[in-house]
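The values are calculated or read from the model by the stated rules, or taken from the named source; none is laboratory data. What you see is a predicted model; the values in this text were computed from it and never measured. Here Cβ is always computed from backbone atoms with ideal geometry, including for glycine, and neighbour counts include all displayed protein chains. The protein model used for the area step is the full one, side chains on, heavy atoms only, and it has no ligands, DNA or RNA in it. Shrake-Rupley method; radii C 1.70, N 1.55, O 1.52, S 1.80 Å.
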Amino acid sequence: MHSLNIFCHEFVVAVSFVACIIGLILLWDGKQQKNDDIEETEQILFRMSFTYWLVYCVAFGIEKIVLPDWESIVMTLRITTALSYFLTFSCIVSLPLHKFAVHRVEE
């Protein structure tokens, strides 16, 4: 059962890796339209969320591929996955907080 959970997590990370790439492509704005500061901040937070999660997925994948003998590389990858996980979380939490702050200023 434990190996099924690990496989399931690896599958979810692989799918979210592809989703992050698609999300970044959709958010990429080649025209560089003039957005107001509120929209630009939200777009930056979305891009940061996708990018940090992409870093998590890549580090997680490399950690699974790297030989266990390379202790220093594995430890660096684990630190990278933890930091990118928390940065993703902070960006996701910042989105509604930003909307709330903007809504509060407008009132």
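Considering Y52, Y85, the condition of being of a type outside the set (A, V, I, L, M, F, W, C), without any contact (Cβ under 8 Å) to a residue 60 or more places away in the chain, surrounded by 11 or more Cβ atoms within 10 Å (Cβ to Cβ) and touching a Ser or Thr at 6+ places or on another chain (Cβ under 8 Å) is satisfied by Y52 alone. Among the residues of segment 91-104, just one is open to solvent by 50 Å² or more (accessible area, probe 1.4 Å) and under 11 Å from the mean Cα position of the chain (by Cα), namely I92. Residues of segment 70-82 that are open to solvent by less than 40 Å² (accessible area, probe 1.4 Å) and farther than 16 Å from C57 by Cβ: V74 alone.
Looking only at segment 53-103, filter to residues that are not hydrophobic (A, V, I, L, M, F, W, C) and not in a helix (DSSP H, G or I); which one of those is farthest from S16 (Cα to Cα)? Can you show your working first?
Residues of segment 53-103 not hydrophobic (A, V, I, L, M, F, W, C): 56, 61, 63-64, 68-69, 71-72, 76, 78, 80-81, 84-85, 88, 90, 94, 96, 98-99, 103.
The next check asks that each one be not in a helix (DSSP H, G or I); those that pass are 68-69.
Values: P68: 25, D69: 28 Å.
Filtering first and then ranking leaves D69.
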